[in-house]
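To start, the structure itself, in structure tokens.
The values are calculated or read from the model by the stated rules, or taken from the named source; none is laboratory data. Just so it is clear, the structure is predicted and the values come from calculations on it, not from any experiment. Cβ placement follows ideal geometry from the backbone for every residue including glycine, while neighbour counts extend to all protein chains displayed. Ligands, DNA and RNA are stripped out before the accessible areas are found, and what is left, the full protein with its side chains, is counted by its heavy atoms. Shrake-Rupley method; radii C 1.70, N 1.55, O 1.52, S 1.80 Å.
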Amino acid sequence: MEDSLNKNNSTAEANNPSHYKTIVLGIAIGLVGIFLRFTGEWPMISIVSNVLWVIGSVICLRAVLRILK
């Protein structure tokens, strides 16, 4: 009986909308980083775009791992 209650609770936690909002935020940050790569050759723009892309990727991966947990 306890296992089924624990399974339902983890399923409800996995379906929490905040996880998916976090994934969308991470995707948006990553897309801004990718967009900045193609805007031109400004000083330091490649570093800024790479940092934004990595931050977006890390946010998405953390959200997915929280869902799987």
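Packing order of peptides 12-19, 25-32, highest average first: 25-32, 12-19 (average count of other Cβ atoms within 10 Å over each peptide's residues). Note that region 20-69 presents 77 Å² accessible area per residue, ligands and nucleic acids not counted, probe 1.4 Å.
The fraction of all Cα pairs in the chain landing in successive 10 Å bins from 0 to the largest distance is 22, 33, 22, 13, 7, 3, 0, given as whole percents. Here r is the Cβ-Cβ distance between TYR20 and ASN50 and R0 is 30 Å; the resulting FRET efficiency, rounded to 0.05, is 0.70. Between the beta carbons of LYS69 and ARG37, assuming R0 = 25 Å, the FRET efficiency works out to 0.15 to the nearest 0.05.
Rolling a 1.4 Å probe over the protein chains gives LEU61 an accessible area of about 110 Å².
Where does helix 17-37 land angle-wise versus the long Cα axis of the chain, in degrees 0 to 90, nearest 10? Tilt relative to the chain: about 10 degrees. Helix 2-14: angle to the longest alpha-carbon principal axis of the chain, degrees 0 to 90, nearest 10? Once rounded, the angle reads 20 degrees.
Roughly how many percent of the accessible protein surface of the chain is carbon and sulfur, given a 1.4 Å probe and a whole-percent answer?
Of the solvent-accessible surface of the chain, carbon and sulfur hold 69 percent.
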